[in-house]
Amino acid sequence: MPIYEYDCADCGDFTQLRPMADRDQACACPYCGGVSQRVILSAPGLATMAGSQRRAHAANERSANAPQTVEEYASKRKHPSGCSCCGPSKPLAPSKANPHAMKGKMSGRPWMISH
C-alpha cells in the first residue's frame, strides 16, 4: 500500500498509508481532524511491511482514541459460517474411513490431538 502526503492548513504536512483507490480523496488530519488535500512533496514510496504487521498497525491506530469495549470486541470475534468447532454437531462415530472417530483428518500421527 502506498504512502501519500497530505497538507493540513493548521498542522502542516503529514503522511498517510492509504489504498491506491483513495489516493485523490481528501484525508482527515491525524492531529486536528481537519480535511487535508493530497500534495506531492517527494517521490512516491511503498510500505514494505508484512500484511499481519500492517493489520496490527491499523488496529492500533483505530483504537488510539476510542478502544473497543469488551462487548464490541466479543461481537466481532464470531466464527465464520460453517464453523463446526463451537456449534451443535452430530457426534462422531467410528467408520472405515475414520476408525478412531477423530475430529480432524487422519494423518501419519494418529496419537496427536487435532482441533
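The values are calculated or read from the model by the stated rules, or taken from the named source; none is laboratory data. Please read these numbers as outputs of a predicted model, since none were measured by experiment. Cβ coordinates were reconstructed from backbone atoms using ideal geometry, including for glycine residues, and neighbour counts include every protein chain displayed.
Within the stretch 72-79, identify whether any single residue is at pLDDT 80 or above and in contact with a strand residue (DSSP E or B) (Cβ under 9 Å, 6 or more places away or on another chain), and answer yes or no. No, the stretch 72-79 contains no residue that is at pLDDT 80 or above and in contact with a strand residue (DSSP E or B) (Cβ under 9 Å, 6 or more places away or on another chain).
Residue count for the stretch 1-51 under the criterion of being of a type in the set (Gly, Ala, Ser) and at pLDDT 85 or above: the result is 8. Filtered by the rule that a residue be surrounded by 10 or more Cβ atoms within 10 Å (Cβ to Cβ) and within 17 Å of ALA28 (Cβ to Cβ), the stretch 58-71 gives ALA58, GLU61, ARG62, SER63.
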